[in-house]
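Trainee: Structure provided below as C-alpha cells; questions to follow.
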Amino acid sequence: MDEVSRFGGRVTSRDGTAVAYERYGDGGGPPLVLVGGAPGADGRVLAGLLARRLPVVAYGRREHGDAGREVEDLAAVLAAAGPGAAVHGTGTGGALALAAAAAGLPVGPVSVYEPPCSGAALVRVSARVLVVDGGSSPAETRRAARELAAALPRARHRTLTGQTHEVAPHVLAPVLAEFLAEELLLEGVLPEGRRDGEPF
C-alpha cells in the first residue's frame, strides 16, 4: 500500500494550552477531524485508512480538563483544519463532537461511534449526524445509540455487524467515507460522478 503523507503541528487553545495535531493526506476538499475516545488515544490506523480518500486531522486531547476546555481545544483544531471540516468521535470523543456542534462550532457533518450519554443540548445540533454502534456491543449500548439518533434533529443510525466498542478501523473507515461522500454531494462540495469507491 502507498504511504500517505503526514505532518504535525500545534495550535493554541483559548486558555493558552498547546494542542498537538497530525494532518494526514494531501487530497482536496474539507478535512475530517478525528476526536479520540480518551486522552492519548491513538487514531493513526483509522486516520491512515481515511487519508487515502480525504485529508484527516487527528489531535491529542488534554489529560485533564473540563468539557468546556475540551470544546475550546477542538475549536482551535477546527480553525487549523480549515472551513467545512467534518468531525468523527469515538466513545467520549463522540460526546465531545456533539457538544462542540451544540455549542455552535463551525462543523460539517458529524459521525459518532458509541458515545456515552451526551450532555449536549442535542436539539441545538444542526449538523447532519451519523450514529454508529457495534452489532456485538451490549444491548444497552445499541439501544442508547438508536435513542441518540432519534433525539438528534438530523441524524441516522447504523449498526456494524460483529463489531464491539473496540471497533476495527478497517470496518469503520469505509462507513465514514461513504457518509462523508454523501454529505459532501448534498452540500455541493463533492463533484457529481464521484462515489465512495473513488478518491475525493
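Trainee: Among the residues of the range 117-134, count how many are out of contact with any helix residue (DSSP H, G or I) (no Cβ under 6 Å at 6 or more places or on another chain) and surrounded by fewer than 24 Cβ atoms within 10 Å (Cβ to Cβ). Working first, answer last.
Mentor: Restricting attention to the range 117-134, the residues satisfying the condition of being out of contact with any helix residue (DSSP H, G or I) (no Cβ under 6 Å at 6 or more places or on another chain) are 117, 119, 123, 126, 129, 132, 134.
So of that shortlist, the ones also surrounded by fewer than 24 Cβ atoms within 10 Å (Cβ to Cβ) come out as 117, 119, 123, 126, 134.
Here the count works out to 5.
Trainee: Looking at V71, V45, V77, V56 in this structure, which one is on the phi < 0 side of the Ramachandran plot, under 11 Å from the mean Cα position of the chain (by Cα) and at pLDDT 90 or above?
Mentor: Details: V71 fails: under 11 Å from the mean Cα position of the chain (by Cα); V45 fails: under 11 Å from the mean Cα position of the chain (by Cα); V77 fails: under 11 Å from the mean Cα position of the chain (by Cα).
Going through V71, V45, V77, V56 in turn, just one is on the phi < 0 side of the Ramachandran plot, under 11 Å from the mean Cα position of the chain (by Cα) and at pLDDT 90 or above: V56.
Trainee: Mind checking which residues of the range 116-147 are over 16 Å from the mean Cα position of the chain (by Cα) and part of a helix (DSSP H, G or I)?
Mentor: L122, V123, R124, A139, E140, T141, R142, R143, A144, R146, E147
Trainee: So L74 fits all but one of (1) within 13 Å of P169 (Cβ to Cβ); (2) in a helix (DSSP H, G or I); what number is the exception?
Mentor: Of (1) within 13 Å of P169 (Cβ to Cβ); (2) in a helix (DSSP H, G or I), only one is false for L74: (1).
Trainee: Checking the structure you have, find out if any residue of the range 90-110 is assigned to a loop (DSSP other than H, G, I, E, B), farther than 20 Å from L34 by Cβ and over 17 Å from the mean Cα position of the chain (by Cα).
Mentor: If we filter the range 90-110 for residues that are assigned to a loop (DSSP other than H, G, I, E, B), which is where we start, we get 91, 103-109.
If we keep only those that are farther than 20 Å from L34 by Cβ as well, we get 104.
Cutting the leftovers down to over 17 Å from the mean Cα position of the chain (by Cα) gives us none.
The answer is no; no qualifying residue exists.
Trainee: Filter the range 160-195 down to residues that are assigned to a loop (DSSP other than H, G, I, E, B) and either at pLDDT 75 or above or open to solvent by 50 Å² or more (accessible area, probe 1.4 Å) (or both), then give me how many there are.
Mentor: 15
The values are calculated or read from the model by the stated rules, or taken from the named source; none is laboratory data. Quick caveat, the model's predicted, so the values are computed rather than measured. Positions of Cβ are generated from backbone atoms using ideal geometry, with glycine treated the same way; all protein chains shown enter the neighbour counts. Quick note on the areas: whole protein, heavy atoms, side chains included, nothing else; ligands and nucleic acids left out. Shrake-Rupley method; radii C 1.70, N 1.55, O 1.52, S 1.80 Å.
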